[in-house]
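This report refers to the structure that appears directly beneath it.
The values are calculated or read from the model by the stated rules, or taken from the named source; none is laboratory data. Everything quoted here is computed from the prediction, not taken from an experiment. Please note: Cβ atoms are built from the backbone with ideal geometry, for glycine as well, and neighbour counts cover all protein chains shown. Please note that ligands, DNA and RNA were not included when accessible areas were found on the heavy atoms of the full protein model with its side chains. Shrake-Rupley method; radii C 1.70, N 1.55, O 1.52, S 1.80 Å.
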Amino acid sequence: MFVHFITGGESVELSERQQKIIEIVKENGPITGESIAEHLDLSRATLRPDLAILTMAGFLDARPRVGYFYTGKSGMELLTEKVKQYKVKHFQSVPVVVKEDVSVYEAISTMFLGDVGTLFVVDEENLLTGVVSRKDLLRASIGTQDLNTIPVHIIMTRMPNITVCRPNDLLIESAKLLIDKQIDGIPVVKDMENGFQVIGRITKTNITKAFVELILDE
Ligand code: ADP
């Protein structure tokens with residue numbers, strides 16, 4: 001039987017011998033490489049690559065002059081542990097913000113120039129007042145109004161109905177918000193006395209990048 005797990009940039013299957021090593025260490029650890037080799041009737045040198053793989057993957061840990069011991073973690077537990085180290089601040093992108101009185105026309109231009117799908121709207125004090133999405137702009141463009149005369153604050157989703165996150169939040173929590181609220185982006189904010197200052201953005205693209213990094217461990 002092969003156990004499939006993912007580590008260090010590639011997908012690896014645990015061989016029967018590696019699984020046996022885990023069992024031996026589980027029962028006898030801490031145990032030296034020499035003793036593991038004896039259990040298996042193999043030489044220490046033959047086992048070296050297996051022990052290296054199991055240690056790198058986090059199944060085993062090694063301490064000098066003590067030997068190998070079982071960390072007690074499955075591949076899934078190790079993956080979960082890694083996900084929990086991913087914070088918003090590690091993956092956030094630069095936000096693109098506009099003032100409340102810019103026109104829908106200018107907002108569309110800014111969206112293209114900034115190469116983003118969500119704009120954050122701020123007041124004169126640079127505090128968050130709203131969010132404008134692609135569909136908000138499309139909706140505003142369907143009518144016959146002059147897009148130069150409609151300010152974004154008319155069409156934006158406004159505070160306090162804005163979903164925000166903070167740099168130290170877990171990335172997985174923001175990913176869940178994107179799904180639960182059915183939105184494409186969340187402003188990363190800093191709490192100010194009378195509102196939020198926008199300091200970043202988390203989008204579905206950031207989450208996709210984190211997912212790829214997690215698996216490929218780049
Ligand atoms: P689109 O509508 O272009 O698919 P979204 O799914 O992000 O983009 O937006 C859906 C609606 O939710 C829009 O009306 C938008 O204004 C609003 N919205 C987008 N992001 C947020 C947010 N972080 N908090 C609250 N509302 C948001």
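Accessible surface calculations at 1.4 Å, restricted to protein heavy atoms, place the chain at 60 Å² per residue.
For Lys99, the residues whose modelled amide H falls within less than 5 Å of its own, excluding neighbours fewer than 5 places apart on the same chain, are Val122.
Under the 0.36 nm per residue contour assumption, what length would be gained going from the current alpha-carbon distance of Val66 and His90 to full extension?
5.0 nm
Label-to-label distance, Thr80 versus Arg139, with points set 7 angstrom from Cα along the beta-carbon direction: 3.9 nm. Could I get the Rg over Rh figure for the chain? Both from C-alpha atoms, Rh via Kirkwood, rounded to two places. Radius of gyration over Kirkwood radius for the chain works out to 1.24. A simple spin-label model places pseudo-atoms 7 Å from Cα toward Cβ; at Leu113 and Thr157 they are separated by 2.5 nm. Subtracting the Cα-Cα distance of Arg17 and Glu125 from 0.36 nm times their residue separation leaves 32.5 nm of extension gain.
When the helices of the chain are scored as -39500 (n - 2.57) per DSSP H run of n ≥ 4 and the total is divided over every residue, the value at 222 nm lands at -12500 deg cm²/dmol.
Taking every alpha-carbon pair under 8 Å whose residues sit at least 6 apart, the chain reaches a relative contact order of 20 percent.
A simple spin-label model places pseudo-atoms 7 Å from Cα toward Cβ; at Lys99 and Ile215 they are separated by 4.5 nm.
Per residue of the stretch 37-46, in order, report the coupling 6.51 cos²θ - 1.76 cosθ + 1.60 (Karplus, θ = phi - 60°) as ³J(HN,Hα) in whole Hz, putting x for Gly and Pro. Values per residue, Gly and Pro as x: 4, 4, 3, 9, 6, 10, 8, 4, 5, 5 Hz.
Phi-derived couplings, Karplus 6.51 cos²θ - 1.76 cosθ + 1.60 at θ = phi - 60°, listed residue by residue for the stretch 170-176: 5, 4, 4, 5, 5, 4, 5 Hz, with x used for Gly and Pro. For the stretch 77-128, the list of GluC sites (Glu not before Pro) that fall in a loop by DSSP and count at most 14 other C-beta atoms within 10 angstrom reads Glu124, Glu125.
Pairs spanning more than 19 Å between alpha-carbon atoms, out of Lys73/Lys204; Lys73/Lys209; Lys87/Lys135; Lys176/Lys204: Lys73/Lys204; Lys73/Lys209; Lys87/Lys135. Please find, in a Gaussian network model of the chain (springs between Cα atoms separated by less than 10 Å), the residue of Phe196, Phe112, Phe91 whose mean-square fluctuation is greatest. Most flexible of the set in this elastic network: Phe112.
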